[in-house]
Amino acid sequence: MSAESELRRTFAIISHPDAGKTTITEKLLLLGQKIQEAGTVKGKKSGKHATSDWMEMEKQRGISVTTSVMQFPYNGRVVNLLDTPGHEDFSEDTYRTLTAVDSALMVIDSSKGVEERTIKLMEVCRLRDTPIVTFMNKLDRDIKDPIELMDEVEEVLNIKCAPVTWPIGMGKQFKGVYHILEDKVYFYKTGQGHIIQDEDILDGLDNPELDERIGSLAQDLRDELELVLGASHEFELEAFLKGELTPVFYGTALGNFGVTQMLNHFVEWAPAPLSRMTDVREVKSSEDKFSGFIFKIQANMDPQHRDRIAFMRICSGNYQKGMKMKHVRLNRDVQVANAVTFLAGDRSNLENAYAGDIIGLHNHGTIQIGDTFTSGEVFKFSGIPNFAPELFRSVRLKDPLKNKALLKGLIQLSEEGATQVFRPFNSNELILGAVGILQFDVVAHRLKDEYKVNCIFESVSVNTARWVECDDEKMLEEFKNKAGVNLALDGGDNLTYLAPTRVNLNLTEERWPDIRFNQTREH
Ligand SMILES: Nc1nc2c(ncn2[C@@H]2O[C@H](COP(=O)(O)OP(=O)(O)OP(=O)(O)O)[C@@H](O)[C@H]2O)c(=O)[nH]1
């Protein structure tokens, strides 16, 4: 591995909306860039514009519809943080971003515990056994019992927990954390808000000074730790790297406390860029030759320039300004003079990037999700799927003459990967599928803007979709005849089963055991 690449730590945050993802992102940038004031990510209060608030709609709704990439140096490493839209209005990009990282940080609202969105994102991480670090947030509030919180993570998410820091009190009584591996107490000072805390540290759990400072809480802490250490797991790097065990840190992102301890270990333990599978062979990040894949396409990053940016994860070699790379699907060499990076929101021209880094390529419609670029070799990276949509709408045109433009627009937008379009066998209806509700607004907005098509969405009785595959052609034909009413083609002409209910899906799966109903589809 090149020395530069070995320093990369590429990760994303998984959390339920409002758990504190934006707040902790601000604090990570603060620690990484040593800037004094946070607020660059959302910046609502300070009146600054959010780094990703470029889109009109996003500004109106005050939420993030984009996934941006932030790079910062920390303790001799280069951290790439891929932001994942976490609000109710997230999209398939959130899922796919997780295929481009080597590790993930799970942020949990400790007053709520493991929530639904986290469970789903964790399922996606499981596809690649991504190593997970856990941050239990909002300790300055009344939280659930810390032991119960860990039990919940173990049971619901099926991953072992190894506490690394342990909280002392909570809410108004929150005094700090005890660092189990360092045998040190870090004291929390309230009221520091966005400013980086000067660390106030005490050596040793048995230090009498601890009793002097926090009174009876000191003995409570010792007793609790005895219990916790007996019942929980010790941190093991191997198990962490296999995605079987998660180190757990406690703190408050808002109070900027406990984040430093987490980040210190994160950059130490999280894996450097990992090898990636292709349809031909495994590609190691240490290889000299360049390769990468596209995991996301973003339109209108800059309203001034109506371009689209394709986000590429570099898997091996390095990118140099002006270099040629092979666009494998098109079997064509392309020259990439002006790749972009997303350094905390600023697009700056980039001279060099290494395995583990993300670069943005200007896309004029020739790049699709899942595309592989190499320095000449022919292979295709696997593991960058489409995910079955969870929300469906039927699309109705206001002007029926624009049918062709509508279909073209919907197919092109679905190639960008945030939505999917389905054409049922038995009707002329077009059905749009997404995993986040805001995507319907985005599509309506863009169809009007870019394709001059006005349309409205109506509810449709589709509950979930599965891509259908069967090795036995005769059986597939029979299935098509019998189940035709629920079958459709997606934007790439792949056979899809649109189930009106979960029960219907279960019954159909039972009735046709030799047919595969896939929740994801590789490009
Ligand atoms: N008391 C307390 N509040 C916090 C803490 N961390 C975040 N919050 C608050 O929780 C709310 C949600 O935090 P965000 O960081 O915006 O959460 P998010 O997960 O990014 O939410 P979305 O952008 O909706 O996905 C905000 O009002 C934060 O100020 C914390 O440690 N303690």
Going through the range 102-122 in order, the residues found to be more than 10 Å from the ligand (Cβ to nearest atom), more than 12 Å from the chain's Cα centre (by Cα) and not in a loop (DSSP other than H, G, I, E, B) are Ile108, Glu116, Ile119
For the range 255-271, pairs from a residue that is closer than 16 Å to Pro131 by Cα to a residue that is within 16 Å of the ligand (Cβ to nearest atom) and assigned to a helix (DSSP H, G or I), with Cβ under 7 Å and 6 or more apart or across chains, are Leu263/Leu28; Leu263/Leu31
Taking the range 253-283 and keeping only residues that are of a type in the set (S, T, N, Q), within 16 Å of the ligand (Cβ to nearest atom) and touching a strand residue (DSSP E or B) at 6+ places or on another chain (Cβ under 9 Å), one is left with Thr260, Gln261
Of the residues in the range 91-101, those that are part of a loop (DSSP other than H, G, I, E, B) and either within 12 Å of the ligand (Cβ to nearest atom) or modelled with pLDDT under 90 (or both) come to Ser91
- Message: Tell me yes or no: at least one residue of the range 153-169 is of a type outside the set (A, V, I, L, M, F, W, C), closer than 29 Å to Arg276 by Cα, at pLDDT 95 or above and assigned to a loop (DSSP other than H, G, I, E, B).
- Response: yes
So, first residue on the phi < 0 side of the Ramachandran plot in the range 360-377, second residue hydroxyl-bearing (Ser, Thr, Tyr) and at pLDDT below 90, Cβ within less than 9 Å, six or more apart or across chains; the pairs are Gly360/Thr341
All conditions in (1) open to solvent by 10 Å² or more (accessible area, probe 1.4 Å); (2) in contact with a Lys or Arg (Cβ under 8 Å, 6 or more places away or on another chain); (3) in a strand (DSSP E or B) are true of Asn80 except (1)
| said: Scan the range 127-136 and tell me whether some residue there is touching an Asp or Glu at 6+ places or on another chain (Cβ under 9 Å) and within 15 Å of the ligand (Cβ to nearest atom). | reply: yes
Restricted to the range 373-398 and to residues being of a type in the set (Val, Ile, Thr) and open to solvent by less than 10 Å² (accessible area, probe 1.4 Å), the residue modelled with the highest pLDDT is Thr374
Right, Val133: buried (at least 20 other Cβ atoms within 10 Å of the Cβ), in a strand (DSSP E or B) and on the phi < 0 side of the Ramachandran plot or not? yes
Given (1) at pLDDT 90 or above; (2) within 13 Å of the ligand (Cβ to nearest atom); (3) buried (at least 23 other Cβ atoms within 10 Å of the Cβ), Glu26 misses just (1)
Restricting the range 399-418 to residues that are charged (D, E, K, R) and more than 24 Å from the chain's Cα centre (by Cα), the one surrounded by the fewest Cβ atoms within 10 Å (Cβ to Cβ) turns out to be Lys404
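The values are calculated or read from the model by the stated rules, or taken from the named source; none is laboratory data. Remember, it's a predicted structure, so these values are computed and weren't measured experimentally. Neighbour counts are summed over all protein chains in view; Cβ atoms, including those assigned to glycine, are modelled from backbone coordinates with ideal geometry. Only protein heavy atoms, including side chains, enter the accessible area calculation; ligands, DNA and RNA are left aside. Shrake-Rupley method; radii C 1.70, N 1.55, O 1.52, S 1.80 Å.
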